[in-house]
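Before any comments, here is the structure.
Read-outs: derived from the displayed coordinates by stated rules, not from any lab. These figures come from a predicted structure and were not determined experimentally. Backbone-built Cβ (ideal geometry, glycine too); neighbour counts: all protein chains shown.
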Amino acid sequence: MTTHPYLRAYMAGVTVPSVFLLVVFVAFCAIRLAYNPEFPVERVLVFPLALVPAIWGAWNMVYLAMRTRRYVALSAHGALVPPLLIPLSLLGAKAFGFELTPAESWTIVIVAVPLLMIIYYLAWKFLVGFLNELLGIG
């Protein structure tokens, strides 16, 4: 299967966060219906539901394109996504009306980036790597 490797890379990248976000969306619906929280939780879900799967798919395509020029392990390549997503998330939070003080922003960055880099490392190593192998691009 040698046709359309970038399309297959995009599909492999999009699959993992899409399935995960489906579970998050079901949990969101249960929380929204059962507890009716005071803060607008749906605003928090706009960024992940809209952009994260597309970013993962594009990032997997970048990995495929880079693989011929320079070798970087897929897991290390995937661990570089959170330093790109966190600033975008903070800008999105500000755009959607969540007021964060600079201290809160730095706390989020200091705590979230290393934790997310570990999670993304493992997800890219085992899940996206498995899908890449399955689709013949790994």
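Taking R0 as 22 Å, what FRET efficiency do you get between Ala58 and Glu99 from their Cβ-Cβ distance, rounded to the nearest 0.05? Result of the calculation: an efficiency of 0.15.
Using R0 = 35 Å, the C-beta based FRET efficiency linking Thr68 and Trp106 works out to 0.35. Kirkwood hydrodynamic radius computed over the stretch 5-134 comes to 15.9 Å, based on all pairs of distinct alpha carbons.
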